[in-house]
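The values are calculated or read from the model by the stated rules, or taken from the named source; none is laboratory data. None of these values were measured; they are calculated from a predicted model. All Cβ positions, even for glycine, are placed from backbone atoms using ideal geometry, and neighbour counts span all protein chains on display. Protein only, heavy atoms only, side chains kept; ligands, DNA and RNA dropped before computing areas. Shrake-Rupley method; radii C 1.70, N 1.55, O 1.52, S 1.80 Å.
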Amino acid sequence: MHGGGIRRIQVVDSHTGGEPTRLVIGGGPDLGGGPISERLKRFRTEKDYFRSAVVNEPRGSDVVVGALLCEPQDRSCVAGVIFFNNVGYLGMCGHGTIGLVASLAHMGRIDAGDHQIETPVGVITATLHESGEVTVNNVVSYRRSANVSVEVPRFGIVCGDVAWGGNWFFLIEKHDFELELKNVELLTQYTWAVRQALKAAAITGDHEQEIDHVELFGRAKTPGVNSRNFVLCPGKAYDRSPCGTGTSAKLACLYADGKFCQGDVWRQESIVGSVFEGRITVHEGCVYPTITGSAFVNSEAELVLDPRDPFCNGIPA
Ligand code: PYC
C-alpha cells in the first residue's frame with residue numbers, strides 16, 4: 001500500500017439552506033501568524049493549490065464554499081476563518097459563517113451565545129441560539145449607486161443597483177424571468193451576461209473592485225416571505241441559500257429607498273425555497289445587517305491528497 005507523500009485534510013461539511021460549506025479543521029496550509037487579511041494574501045499567492053484541491057472537482061464541485069479554520073490573532077475571537085470558492089476567495093460569506101458556527105457547535109467547541117469571529121474584512125459577531133439557528137452580524141452594508149443601466153449583449157438594457165454587503169452585488173428587480181429551479185440554466189446565462197457587461201462597461205464597486213455577484217429578485221412562493229432571489233456567485237455557480245451578503249446588500253438598498261427600517265424583518269427566500277431573516281441596526285447613518293438562518297452538518301470526513309493523482313489539486317474551474 002503506497003502511503004508516501006499522502007496528505008490528509010480533516011473537514012466538516014454542512015449546508016446552509018442548501019448551500020454547502022466545507023470547513024477545514026485540520027491538515028490545512030501553514031499561513032504563519034498575523035492578521036487574517038495577511039494570511040489570506042499568503043494563501044492566495046503561495047498556497048492556492050490547496051483551495052482548488054479542497055473545493056474543485058473531483059473532491060468538490062463548483063458550488064462548494066470552503067472555509068479554512070484559523071487561529072484568531074484577536075484572542076477575544078473564538079475562531080478565524082478564510083472563505084474560498086472554485087475561483088478564488090471571499091472577504092465575507094453569510095451562509096458560510098452560519099455553517100461555521102453550526103459546525104463549531106457540532107464539534108463541541110462552542111455553546112449557545114455570542115461569538116466573535118475574525119475574517120479578512122474584520123471581526124464579526126455571530127449568535128448561536130438555543131434553537132440551533134445562527135444570527136450573523138454582518139459588516140456595514142450600503143448602496144453605492146442606484147438605477148445603473150448597462151447594455152447586455154443578447155438581452156438589451158438592464159437596470160440595477162450596485163451595493164456592498166460584504167461582497168459586491170448588482171441587484172436587479174426588473175427582468176422577465178421566473179425564479180424557478182427549472183430556469184436555472186437561463187438565469188445563469190442571463191446573470192453571467194450581466195456580469196460580463198458590467199465588467200466591459202467598467203461598472204465596479206469601490207476602488208474599482210469587480211462586481212462579482214449578480215442578484216435577481218422576484219415574487220416569493222412562501223406565504224409570509226417578502227421576496228425570492230437568484231444569486232450568481234463569482235465562479236458561475238448559483239447560491240442555493242438566499243445569500244447572507246446578498247440579503248445584506250438588499251437590506252441596504254431597501255433602507256436607502258426608505259422601504260425598510262430598524263425594527264422591520266425581511267424574509268428572503270432562495271431559488272430552492274430556503275429562507276433567511278434579515279434585520280438592520282442603523283448607527284450614525286450606517287446600516288449593519290443581521291442575517292438569521294440554520295445550517296446542518298452532513299459529513300465529517302478526511303480528504304486524501306495523493307501526489308500520484310494527476311488531479312490531486314483539483315480541476316481548475
Ligand atoms: O451567503 O454571503 C453568502 C454567500 C456568498 C457566496 C455564497 N454565499
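Taking amide H as placed 1.01 Å from N in the peptide plane, R144 has its amide H under 5 Å from the amide H of V162, A163, W164, each at least 5 places away in sequence or on another chain. In a fully extended conformation the segment linking Y49 and F311 would gain 93.2 nm over its present Cα-Cα distance, using 0.36 nm per residue. The trypsin sites (Lys or Arg not before Pro) of region 41-109 that DSSP puts in a loop, and whose beta carbon has at most 11 other beta carbons within 10 Å, are R75.
Considering only protein heavy atoms, what per residue accessible area in square angstrom results for region 114-227 with a 1.4 angstrom probe?
Numbers: 5640 Å² over 114 residues.
Counting only protein heavy atoms, the per-residue value for region 114-227 is 49 Å².
Nearest 500 deg cm²/dmol is fine: what mean residue ellipticity at 222 nm does the chain get from its DSSP H runs of n ≥ 4 alone, each adding -39,500 (n - 2.57), divided by its residue count? Before the final figure, lay out each step's value.
On the way: 5 runs with 62 residues, N = 317.
The helix-only estimate for the chain comes to -6000 deg cm²/dmol at 222 nm.
Label positions at T204 and E302, each projected 7 Å from the Cα along the C-beta direction, are separated by 4.6 nm.
On region 65-197, 47 percent of the accessible area sits on carbon and sulfur atoms, based on a 1.4 Å probe. Subtracting the Cα-Cα distance of V140 and D264 from their residue separation scaled by 0.36 nm leaves 42.9 nm.
Starting from the Cα-Cα distance between Q10 and D62, subtract it from 0.36 nm times their residue separation and give me the gain in nm to one decimal.
Answer, rounded to one decimal: 16.7 nm.
Taking R0 as 25 Å, what's the FRET efficiency between E151 and E185 from their Cβ-Cβ distance, rounded to 0.05? All intermediate terms of the calculation are to be shown ahead of the outcome.
Details: r = 23 Å, r/R0 = 0.91.
Plugging the Cβ-Cβ distance into 1/(1 + (r/R0)^6) gives 0.65.
Applying the Karplus relation 6.51 cos²θ - 1.76 cosθ + 1.60 with θ = phi - 60° to region 252-257 yields 3J(HN,Hα) values of 5, 5, 4, 5, 4, 8 Hz, where x marks Gly and Pro.
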